[in-house]
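Trainee: Attaching a single structure in structure tokens format; questions to follow.
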Amino acid sequence: MVNFRINRDDWSLYRKPFVDVERHRKKVFEALKRNLAELLCDESLILEKGKKLFKIPVQSMEEYCFRYNLQQIDYIGQGQGNTKEGKILSAIIEKSDNYERGKLGGGTLPGVDYYEVDITVEDLEDILYKELKLPNLQEKDRNIIEEDTLKFKGTSRVGPFANLDKKKTILENIKRNPIGSIEIINSFIPEDLRFNTWEKTEEVSHGAVVFAMMDVSGSMGTQEKYSSRSFFFWMTRFLRTYYKKVEIIFLAHHTEAKQVEEHEFFTKGESGGTRCSSVYKLVLDLIDNKYTQSEYNIYAFHFSDGDNLPSDNAKCRALMETLIGKCNLVGYGEIANPYYKTGTLMDLYKPLCSNKKFVSVIIKDRTDVHLALKKFFSG
């Protein structure tokens, strides 16, 4: 008979490297959250298809320890009592006011050590996608059945040893031997063994289509196009990660609208005037002829600088109201342009903001792309 004994030795010293790794991971996670809005608007990501490595500053980790008093100030190694957690016992103050932080001069206060850490696009996605989802998703007649998947459903007393559930097997052994010390695990018998069982399941997702509409007219400068493409880049990666069967239709417009390939949508520039009603009409035609409301969850997102032919504004407003009635959600993002002082499409659409199926956002700088993603995909 072979017995096993559970030891209670202190292994904390051996776990120290793993504790340090976990602390480092948390430091990187915090740095990513602080720099997320800035990293999302890096336009080179689009051209390199998400293969770029980033460098972010991470504050160095230091262990608590005693240090030599460089200021040569006399201290007494005895407290006065009545101290509470978090109370500041003392602070180092520079005697000279000429070199304080933020004042003129070189400064004498010590800085903070930072290290640059390489991160990938997948690291950004792990943080970004946790707060995103398709809003107002409903069951539709068009169900798309995805491929079969295997899922563990329970346990059994028989099965292949590759599926042995060690934890439950040990618990069964302990329950079978209640007399004596629980630290002793007696020899295992077939009745102790527990195996994970699995079965095939079909994952069903309901049909959805997303229309990505971008203004590529002459009034859309480099900065405006960068912000628009950054949003649609992250939107596309998010949808393809969590909604594999969602169709994405890329539409570009100036005075005329057309459906384009994904590569052309993210790289090709255009010019000319702006007639936004053209892209709304194209979307409505596609909905009526191919993507009906009864079969698809429909989403439409439009990015523009808000500059439009005045004669086209009334038609834009009417088509937008029709589009809202046919979609689960319509998002309009306007890149603020300081050169246009007249009214924009955002002013035209303000009365529509009372409708829960219409969401608008103003992009004042490229870091607001993160804000747009959270507003449009908040659920």
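The values are calculated or read from the model by the stated rules, or taken from the named source; none is laboratory data. Note that the structure is a prediction, hence the values are computed from the model and not measured. Because the Cβ atoms are built from the backbone with ideal geometry, glycine has one as well, and the counts that use them run over all protein chains shown.
Trainee: Which numbered condition in (1) in contact with a helix residue (DSSP H, G or I) (Cβ under 6 Å, 6 or more places away or on another chain); (2) at pLDDT below 80 is the only one that I184 fails?
Mentor: Every listed condition holds for I184 apart from (1).
Trainee: Further question: If the Cβ limit is 9 Å and pairs must be 6+ apart or interchain, which residue in region 109-133 that is part of a strand (DSSP E or B) pairs with which residue that is modelled with pLDDT of 60 or more and small (G, A, S)?
Mentor: Pairs that qualify, where the first residue is part of a strand (DSSP E or B) and the partner is modelled with pLDDT of 60 or more and small (G, A, S), are V117/A31; I119/A31.
Trainee: If you don't mind, another one. Of everything in region 337-379, what is loosely packed, with under 13 Cβ neighbours inside 10 Å, among the polar types (S, T, N, Q) and either part of a strand (DSSP E or B) or modelled with pLDDT under 90 (or both)? Give them in sequence order.
Mentor: Result: T342, S378.
Trainee: Same structure, new question: Could you tell me whether any residue of region 283-293 is touching a residue at least 60 places away in the same chain (Cβ under 8 Å), within 30 Å of the chain's Cα centre (by Cα), surrounded by 23 or more Cβ atoms within 10 Å (Cβ to Cβ) and farther than 21 Å from S230 by Cβ?
Mentor: yes
Trainee: Is there any pair with a first residue in region 301-320 that is outside the structural domain of Q223 (by TED's automatic domain parsing) and crowded, with 19+ Cβ neighbours inside 10 Å and a second that is modelled with pLDDT under 95 and part of a loop (DSSP other than H, G, I, E, B) whose Cβ atoms are under 8 Å apart and which are 6 or more apart or on different chains, and what are they?
Mentor: Partner pairs satisfying both residue conditions: none exist.
Trainee: Now a separate question. Please tell me if A300 is outside any helix (DSSP H, G or I), among the aliphatic types (A, V, I, L, M) and in contact with a Phe, Trp or Tyr (Cβ under 9 Å, 6 or more places away or on another chain).
Mentor: When the stated conditions are applied, A300 passes them.
Trainee: Take E264 and tell me if it is surrounded by fewer than 16 Cβ atoms within 10 Å (Cβ to Cβ), of a type outside the set (A, V, I, L, M, F, W, C) and under 29 Å from T367 (Cα atoms).
Mentor: yes
Trainee: Could you give me the residue pairs with C-beta distances under 9 Å whose first residue belongs to region 13-38 and is among the polar types (S, T, N, Q), whose second residue is at pLDDT below 70 wherever it lies, and which are 6+ apart or on separate chains?
Mentor: N35/F54; N35/I56; N35/P57
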